[in-house]
1. Quick check: from the Cα gyration tensor, does region 9-96 come out rounded (a/c under 1.5), prolate or oblate?
2. Summing Lys, Arg as +1 and Asp, Glu as -1, what charge do residues with Cβ under 15 Å from the Cβ of L14 carry, L14 excluded?
3. Name the aspartates and glutamates eligible as straight-distance cross-link partners of K18: C-alpha to C-alpha under 16 Å, and not fewer than 8 places from it in the same chain.
4. Note down the relative contact order for region 16-69 as a percent, whole number, built from C-alpha pairs under 8 angstrom at least six residues apart.
5. Of R52, R72, R23, which has the largest mean-square fluctuation in a 10 Å C-alpha GNM of the chain?
6. Quick one: dipole size for region 9-96, taken about the Cα centre, charges +1 on Lys/Arg Cβ and -1 on Asp/Glu Cβ, in debye to the nearest 20.
7. Got a sec? Charge dipole of region 9-96, +1 on Cβ for Lys and Arg, -1 for Asp and Glu; which of L73, I93, V50 is way out at the positive end?
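Just so you know, all these numbers are worked out from the coordinates, no wet-lab data involved. Here the structure is a predicted model, which means the values were calculated and not measured. Positions of Cβ are generated from backbone atoms using ideal geometry, with glycine treated the same way; all protein chains shown enter the neighbour counts.
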Amino acid sequence: MTRQPLPAEPTSQLEDDKVIVTRWDFAPGAETGWHRHPHDYVVVPLLDGVMRLHTAEGYHESEVKAGVSYRRLAGVEHNVINAGKGHFAFVEIELKASQERK
């Protein structure tokens, strides 16, 4: 019997004409599921953790630190997995306005 992955828990915090802000909470092993962002975005980790990013090219694991933000461009299909032993959380800020400048 195949075990279904534990889903990460998204909490919508804000959406307007410029941004979409979502908090993501991950139990150990939880994942977002495959998705693609239509907008450029910034991620702000709230806790230290180990994130495993799964893309068409394979897996990439990285340690992230609370408060050390990073950004990504729109369009890459991926799945984010908590590869650490404890709870992990981040806030994701999608920049709707970024699409207007392209």
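1. Working: a/c = 1.72, a/b = 1.26, b/c = 1.37.
Cα axes put region 9-96 in the oblate bin.
2. Values: positive: K18, R23, K96; negative: E15, D16, D17, E92, E94.
Charge balance in the 15 Å sphere: -2.
3. By straight Cα distance, K18 reaches D40, E92, E94, E100.
4. Working: 41 pairs, mean separation 16.1, N = 54.
Result for region 16-69 is 30 percent.
5. Taking springs between Cα atoms under 10 Å, the residue moving most is R72.
6. On the way: 9 positive and 14 negative charges, 32 e Å.
Dipole of region 9-96, to the nearest 20 debye: 160 debye.
7. Result: V50, furthest along the dipole toward the positive end.
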